[in-house]
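The values are calculated or read from the model by the stated rules, or taken from the named source; none is laboratory data. Keep in mind it's a predicted model, so treat the numbers as computed, not measured. With ideal geometry, Cβ positions are generated from the backbone for all residues, glycine too; neighbour counts draw on all protein chains shown. To get the accessible areas, we keep the full protein, side chains included, count just its heavy atoms, and leave off ligands, DNA and RNA. Shrake-Rupley method; radii C 1.70, N 1.55, O 1.52, S 1.80 Å.
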Amino acid sequence: MNFLAILVAALSTLIVGFVWYGPLFGKVWMKENGFSEEEMKKGNMLKIFGLTIVFSLLFAMIMQVLVIHQFGALGMIGGDVTTAKQSYVDFMADYGNAYRTYKHGALHGFMTGIFLAFPMIAINGLFERKSWKYIFIHSGYWTVCMIIIGAIVCGWV
């Protein structure tokens, strides 16, 4: 695992969030949640941002497994390269960097956003009686984040 890429990818969620929930959709998001400017100033920001980084690190770690196909080969041998057969070594020599591009990671990030983040947020939103604006704002944010995270963790070799 590339821990520097994971850290940078995780921190990217804060940058995207600053823009997404600020100038792009901030006012609509606040309206959909019934938040006022005064309410937004309340809360323990250290806790909010600290946990956001922790949770984003978890996303970035699993995204590396989802977007890098070689992790599948590693899983096939039980995760211990020291006990791998020569066929694994040969495979990695031939294909160890195949599909390790920013573009490929972004594609898998997009698919993760559409096929994981969107349905989860939509289901919660439906049960919470939230509007489609609310659902699309949040799922759009996570789809963009997953695209960026996927690109960073896959392409940063």
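In table form, for the structure just shown:
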{"read-out": "Accessible surface, the chain, averaged per residue in Å² (probe 1.4 Å)", "value": "63 Å²"}
{"read-out": "Global form of the stretch 85-134, assessed from the alpha-carbon gyration tensor, a/c cut-off 1.5", "value": "prolate"}
{"read-out": "The stretch 106-147: C-alpha gyration tensor shape, a/c 1.5 cut-off, then a/b vs b/c", "value": "prolate"}
{"read-out": "Listed candidates [x] -0.38, -0.46; [y] -0.53, -0.61; [z] -0.48, -0.56 - label of the one calculated as log10 I(q)/I(0) by the Debye sum over Cα atoms at q = 0.11, 0.12 Å⁻¹", "value": "[y]"}
{"read-out": "Simple label model, 7 Å out from Cα along Cβ direction - LEU4 to ILE123, nm", "value": "3.8 nm"}
{"read-out": "GLU39-GLN70 FRET efficiency (beta carbon distance; Förster radius 35 Å; 0.05 resolution)", "value": "0.15"}
{"read-out": "Within the chain, helix-based [θ] at 222 nm, where runs of 4 or more DSSP H residues each add -39,500 (n - 2.57), nearest 500", "value": "-23000 deg cm²/dmol"}
{"read-out": "Förster radius 35 Å - calculated FRET efficiency between ALA93 and LEU51, Cβ distance, rounded to 0.05", "value": "0.25"}
{"read-out": "Mean Kyte hydropathy of 0.0 or more with a Cα span along the axis of at least 20 Å, helices from DSSP in the chain", "value": "3-19, 45-67, 132-155"}
{"read-out": "Highest-MSF residue in the chain out of GLY140, GLY78, GLY50 [GNM, Cα springs under 10 Å]", "value": "GLY78"}
{"read-out": "Spatially close lysines, pair count over the chain: Cα under 21 Å, gap of eight or more or interchain", "value": "8"}
{"read-out": "Length-normalised contact order for the chain - Cα pairs under 8 Å, 6+ apart - percent", "value": "37 percent"}
{"read-out": "The chain - charge dipole about Cα centre, Lys and Arg +1 at Cβ, Asp and Glu -1, debye rounded to 20", "value": "380 debye"}
{"read-out": "Most mobile listed residue (PHE115, PHE35, PHE55) in the chain, GNM with C-alpha springs under 10 Å", "value": "PHE35"}
{"read-out": "Alpha-carbon centroids, the stretch 100-139 and the stretch 1-52: separation in whole Å", "value": "16 Å"}
{"read-out": "Accessible carbon and sulfur surface of the chain relative to its total accessible area, %, 1.4 Å", "value": "71 percent"}
